[in-house]
Amino acid sequence: MKENLREYARFGISQHMLYGVCKEQPEHHLKTLGEALQLVTQPGFLPSGRIEHIDVCVPVDEPYRSQAIDILNEYRPGIKFVYNKHLVPFMNFYPGASHGIGMDEILDISTREVDAAHAIGANHTVIAPGHDYPEDRVKAVAGLEEYMTGICDYIQKKGWDIRLLLEPFDRKFKQFLLGPSGETARFIKRLKDDGLPVGISLDMAHVPLTGETFEQAIETYHWYGLIEHVHIGNCVMRGDPKNPDYGDTHPALGIPEGEVGVPELERILKALLGIGYLSRENPGSITVESRPFPSMNEGETVKNNFGLLFKAWENLELQ
C-alpha cells in the first residue's frame with residue numbers, strides 16, 4: 001500500500017505479554033509498567049507510526065494496585081489503555097464447576113477489575129471464556145452468560161462507558177469454552193441484542209488453533225458486527241509439542257515454526273481492510289501481542305514485530 005498503515009490503524013502493545021511474569025509478581029509489574037510506557041513514548045520509537053494504546057492490567061493487592069493506577073494515569077491522555085486481565089483468568093463459570101466459590105464472589109472479584117479499568121480511563125475490558133467442559137458445555141455457556149450479564153449490569157448501573165469484550169480461544173490447545181467463530185459470534189450477538197455493552201476482541205494468534213482461516217474468523221465476526229479490538233500475534237501448532245513455543249504461547253511474529261509471518265500478516269491486513277476495520281475515516285485498534293523475540297530485548301521485539309507488520313502492508317497491492 002502506498003499510504004502508511006498509521007493512517008488506517010491505531011497501534012498498541014501488550015505490556016503483560018511483553019514483560020512475562022508481571023501478573024504474578026507485583027513489584028515486577030510496577031517496574032515494567034513504567035518501562036513499557038517510557039519505551040513507547042520515546043520520540044521516533046516507531047519510524048512509521050506511534051504507539052497510541054497499551055493493553056494493561058493492575059495488581060490485585062494494595063499498595064501495588066493504587067501505585068499502578070497512578071503510573072498509568074501519568075501518561076493519559078497521550079496513551080490510551082485497554083484493560084486486559086481476563087478479569088478472572090481461567091476460572092470455571094457454571095454451577096457444577098470445581099473452583100469452590102460462587103458466582104457472587106466471582107463477580108465481586110471481577111467488578112473490582114472493572115473499577116480499575118474505569119480508574120485508568122479504559123473504554124474496553126477483555127475477558128476469557130473460561131475452561132471448556134465438553135460433557136456439560138450447555139451449562140458452562142449458561143454460566144458464562146450469567147457472569148457476563150452480571151459484569152455488564154454493574155457497568156451500566158455505574159453509568160460508565162466501558163465495553164466488555166470476549167476474547168475467543170480454542171478447544172484443542174488451550175481447551176477453553178468458546179473459540180469457533182460462528183458459535184461464539186452468535187452467543188455474543190444475542191447478549192448484544194439484549195442491550196449489553198459487549199463485543200469481540202479478536203486475537204489472530206488464536207485463529208489457527210481453532211482450525212479456521214484468518215479470513216473466515218474476521219468475516220464471521222464482522223458479519224455479526226462484533227469486532228471492537230484486534231490482537232496480532234503468533235502461535236506454534238506443528239512439530240514437537242515439547243517446544244516451549246508450542247500452542248497458545250504468543251511467540252514473536254515471524255519465527256520459522258510459527259503460523260504468522262509476513263504472508264499471513266498480508267492476509268490479515270487485507271481482510272481487515274476489506275471489512276472496513278482499517279480505514280482512514282475510523283482507524284481500528286491493533287495490539288501487537290507477543291513475548292520477546294529470541295536474542296532481542298522488549299524494545300527490539302516491538303520494533304521487529306511492527307517492522308514485519310509494516311512490510312506486510314507495503315506488500316499489499318492497491319485494490
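Return the residues of region 113-150 that are within 18 Å of residue 71 (Cβ to Cβ), of a type in the set (Gly, Ala, Ser) and surrounded by 19 or more Cβ atoms within 10 Å (Cβ to Cβ); say none if nothing qualifies.
Answer for region 113-150, where residues must be within 18 Å of residue 71 (Cβ to Cβ), of a type in the set (Gly, Ala, Ser) and surrounded by 19 or more Cβ atoms within 10 Å (Cβ to Cβ): 116, 117, 122.
Can you name the condition, by its number, that residue 170 falls short on among (1) at pLDDT 90 or above; (2) surrounded by fewer than 22 Cβ atoms within 10 Å (Cβ to Cβ); (3) in contact with a Leu (Cβ under 7 Å, 6 or more places away or on another chain)?
The one condition residue 170 does not meet is (2).
Working carefully through the options 292, 263, 256, find the one that is surrounded by fewer than 21 Cβ atoms within 10 Å (Cβ to Cβ), modelled with pLDDT of 95 or more and farther than 16 Å from residue 11 by Cα.
When all the criteria are applied, what remains is 263.
Tell me, which residue of region 1-40 that is surrounded by 14 or more Cβ atoms within 10 Å (Cβ to Cβ) and among the β-branched types (Val, Ile, Thr) is nearest to residue 69 (Cα to Cα)?
The extreme case among them is 32.
When residue 57 is evaluated against the numbered criteria (1) modelled with pLDDT under 95; (2) more than 19 Å from residue 125 (Cα to Cα); (3) touching a strand residue (DSSP E or B) at 6+ places or on another chain (Cβ under 7 Å), which criterion, by number, is the only one it fails?
(2)
For a quick check of your reading: which strands (runs of 3 or more DSSP E) sit entirely within region 198-306 and have at least 2 residues that are closer than 30 Å to residue 44 by Cβ and out of contact with any Leu (no Cβ under 9 Å at 6 or more places or on another chain)?
Because the criterion is at least 2 residues that are closer than 30 Å to residue 44 by Cβ and out of contact with any Leu (no Cβ under 9 Å at 6 or more places or on another chain), the strands (runs of 3 or more DSSP E) in region 198-306 that meet it are 284-288.
The values are calculated or read from the model by the stated rules, or taken from the named source; none is laboratory data. Predicted model, so just to flag it, every value in this text is computed and none were measured. Heads up, the Cβs are rebuilt from the backbone with ideal geometry, glycines too, and the neighbour counts pull from every protein chain shown.
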